Amino acid sequence: MNKVKLRILAVVALAAAAAAVKWFFFRAPFLYAGTLEATKVDLSARISSAIAEVVPQEGDRVRRDSELVRLVCDDTKVAASLADINYRRSLRLFHSGTISPDAMDQVGNRKQDSDVRLGWCSIRSPLDGTVLSRYHEPGEWVNPGVKLLTLANIKDIWAYIYVPQPEVAKLAPGQRLTGYLPEQRLRPFSGTILKINDEAEFTPKNVQTRAERERLVFGVKVSFLGANAEEILKPGMTIEVALPK
């Protein structure tokens with residue numbers, strides 16, 4: 001009977017030892033969660049005008065230098081036409097010696113200024129990206145500085161994770177980390193540290209537990225540029241990042 005008990009105790013001890021070894025050597029790393037964001041660009045009017053056309057809808061992909069918004073610009077077009085006529089007339093007079101070089105320079109400057117303003121009537125995309133927001137419709141009047149569209153390069157996506165001081169010592173800009181997407185069974189995505197904030201801060205309020213919110217942490221910006229060619233990662237998703245052991 002004692003031998004049976006000893007065997008049972010031995011089996012239990014071995015199982016406990018195996019579980020302890022597994023937990024110590026093979027436990028999953030702690031993952032730091034962050035919210036994905038994309039590099040955004042706001043396109044604004046540079047001149048007062050009514051809107052003639054807004055080409056893309058929200059969610060549309062656009063190419064660099066493609067026309068996105070066209071303004072009516074009737075007064076700007078008239079001014080540019082008059083400046084061009086005056087420039088060509090003055091150029092003939094200048095060649096005949098009727099006007100001075102200084103006067104010709106002034107006419108040329110006015111033409112250049114009117115040409116620049118005319119170019120503002122066509123708003124083009126500065127990047128290959130996706131339209132996130134469309135704020136105004138054809139027929140509406142806009143003034144300089146009014147936002148018309150917000151674009152984002154979805155492939156250039158990143159997240160801030162918040163790391164306690166003892167762990168920050170292990171990190172450096174340019175270091176490779178791995179992010180995992182919970183929605184796809186922790187599918188891995190290769191990331192690179194872009195920046196580590198210089199000053200510690202309290203964990204942001206959106207962290208769930210009070211104990212974690214009261215902890216001093218450093219913000220670490222991790223980029224997934226190059227790992228999002230299929231555009232699986234999208235702004236607003238949560239990414240979970242593992243730090244080096």
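All of the numbers you see were taken from the coordinates with simple rules; none came from a lab. This is a predicted model, so every value here is computed, not measured. Cβ atoms come from the backbone with ideal geometry, glycine included; neighbour counts cover every protein chain shown.
Loop only by DSSP, 15 or fewer other Cβ within 10 Å of the Cβ. Give me the trypsin sites (Lys or Arg not before Pro) in the range 56-97 that pass, ordered by residue number. Provide the component values of the computation, followed by the final result.
Numbers: sites: Arg61, Arg63, Arg64, Arg70, Lys77, Arg88, Arg89, Arg92; in loops: Arg63, Arg64.
Those that pass, being in a loop and sparsely packed, are Arg63, Arg64.
How large is ³J(HN,Hα), in whole Hz, for each residue of the range 183-200 in order, when computed from phi with the Karplus curve 6.51 cos²θ - 1.76 cosθ + 1.60 and θ = phi - 60°, using x for Gly and Pro?
Result, rounded to whole Hz: 5, 10, 6, 6, 4, x, 9, 6, x, 9, 6, 8, 7, 10, 4, 6, 10, 6.
Quick one: which residues, 5 or more positions from Ser49 or on another chain, have an amide H under 5 Å from its amide H? H modelled 1.01 Å from N in the peptide plane, none for Pro or chain starts.
Close amide H contacts, sequence-distant or interchain: Val142.
Tell me, what ³J(HN,Hα) does each residue in the range 35-45 have, in order and in whole Hz, if you take phi through Karplus 6.51 cos²θ - 1.76 cosθ + 1.60 with θ = phi - 60° and put x for Gly and Pro?
Here the 3J(HN,Hα) series is 9, 6, 9, 10, 5, 10, 10, 8, 9, 10, 6 Hz.
Please give me, ordered by residue number, the GluC sites (Glu not before Pro) of the range 156-203 that lie in loop per DSSP and have at most 16 other Cβ atoms within 10 Å.
Numbers: sites: Glu167, Glu183, Glu199, Glu201; in loops: Glu199.
Hits after loop and neighbour filter: Glu199.
Regarding the range 40-151, what's the average projected area of the Cα-atom convex hull, expressed in nm²? Don't jump to the answer; show the numbers that get you there.
Details: hull surface 30.8 nm².
Value for the range 40-151: 7.7 nm².
Over 29 Å between Cα atoms: which of Lys77/Lys147; Lys221/Lys245; Lys40/Lys195 fall into that group?
Details: Lys77/Lys147 22 Å; Lys221/Lys245 19 Å; Lys40/Lys195 18 Å.
Beyond 29 Å: nothing from the list.
Rounded to whole Hz and in sequence order, give me ³J(HN,Hα) for the range 83-91 from the Karplus expression 6.51 cos²θ - 1.76 cosθ + 1.60, θ = phi - 60°, writing x for Gly and Pro.
5, 5, 4, 5, 5, 5, 5, 5, 5
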